[in-house]
1. Say we look at region 131-156 and pick out the residues that are of a type in the set (D, E, K, R) and crowded, with 17+ Cβ neighbours inside 10 Å; which of these is farthest from the chain's Cα centre (by Cα)?
2. Across region 89-129, what is the number of residues that are farther than 16 Å from ALA180 by Cβ and of a type in the set (Lys, Arg)?
3. Would you be able to tell me the number of residues in region 183-197 that are surrounded by 14 or more Cβ atoms within 10 Å (Cβ to Cβ) and at pLDDT 90 or above?
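The values are calculated or read from the model by the stated rules, or taken from the named source; none is laboratory data. Only a predicted model underlies this, so the values are computations on that prediction, with no experimental measurement involved. Using ideal geometry, Cβ is built from the backbone for each residue, glycine included, and neighbour counts are taken over all protein chains shown.
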Amino acid sequence: MSRNPKEQKPPLFRVFDRDPDRHRPVDGDYVQARPVRLHRPGPWRTGLVIVMALVAAWVGLAAVLAVSVAHGLATKLIVGAVAMVPVLLVYWFTARVLSVGVYATDATVRQNHLLTAVESDWADVVDVRRVAGPVRLLGVGPKVAGEQVFVVLRDGSDIATSITTHGADFLLRPESYDQAALAVEHWWTGTQGRTTP
């Protein structure tokens, strides 16, 4: 399958967004404009984030110790600035790992990857398919036989989602994989009445 949807930088936060706005009006005029995460982070991703948060804490402690043993204000400022670089990188990377997933509004669907995001209008989506084939173990490991959800676009390209049977959110959790796949399918079918080709 070809891949040619528009790419953009993903947001760092709102990684736990899954439910529509609870303060929305309960009528057919409501429009979901805020991105909603279609599946929660799984235990493998959550475990990795916890380990990375511990690493970030230790790196932060090392930075504080480095600043405290430095002599002179100028030296402390220089050491502090240099030591903050790895601290900020670890925290940034942790947030990026946590934000990987599929997000939707009434107008668009977006796949957040580790460093980029791919977004398309629902009006350009012609199908949501589960495709059997090789998928990466935990999203980064070797390829194994499995199944992955693809959002197929009108121009023949597609968005390969992170919803796979062996992904970091769904490994050994087939029910969660099915629920996430159905969420994308239902969101697409639900927007068809409100979008125009």
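1. Once the filter is applied, the top-ranked residue is GLU147.
2. 1
3. Number satisfying all stated conditions: 5.
Yes or no, residue by residue, for (1) farther than 29 Å from ARG173 by Cα; (2) at pLDDT 90 or above; (3) in contact with a Ser or Thr (Cβ under 6 Å, 6 or more places away or on another chain); (4) among the hydroxyl-bearing types (Ser, Thr, Tyr):
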position	(1), (2), (3), (4)
VAL31	yes, no, no, no
PRO35	no, yes, yes, no
LEU48	no, yes, no, no
VAL55	no, yes, no, no
SER99	no, yes, no, yes
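A quick yes/no check of all residues on (1) surrounded by 17 or more Cβ atoms within 10 Å (Cβ to Cβ); (2) touching a helix residue (DSSP H, G or I) at 6+ places or on another chain (Cβ under 9 Å); (3) closer than 30 Å to THR189 by Cα; (4) not assigned by TED's automatic domain parsing to the domain that holds ASP127:
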{"position": "ILE50", "(1), (2), (3), (4)": "no, no, no, yes"}
{"position": "LEU54", "(1), (2), (3), (4)": "no, no, no, yes"}
{"position": "VAL64", "(1), (2), (3), (4)": "no, yes, no, yes"}
{"position": "VAL67", "(1), (2), (3), (4)": "yes, yes, no, yes"}
{"position": "HIS71", "(1), (2), (3), (4)": "no, no, no, yes"}
{"position": "GLY80", "(1), (2), (3), (4)": "no, yes, no, yes"}
{"position": "ALA83", "(1), (2), (3), (4)": "yes, yes, no, yes"}
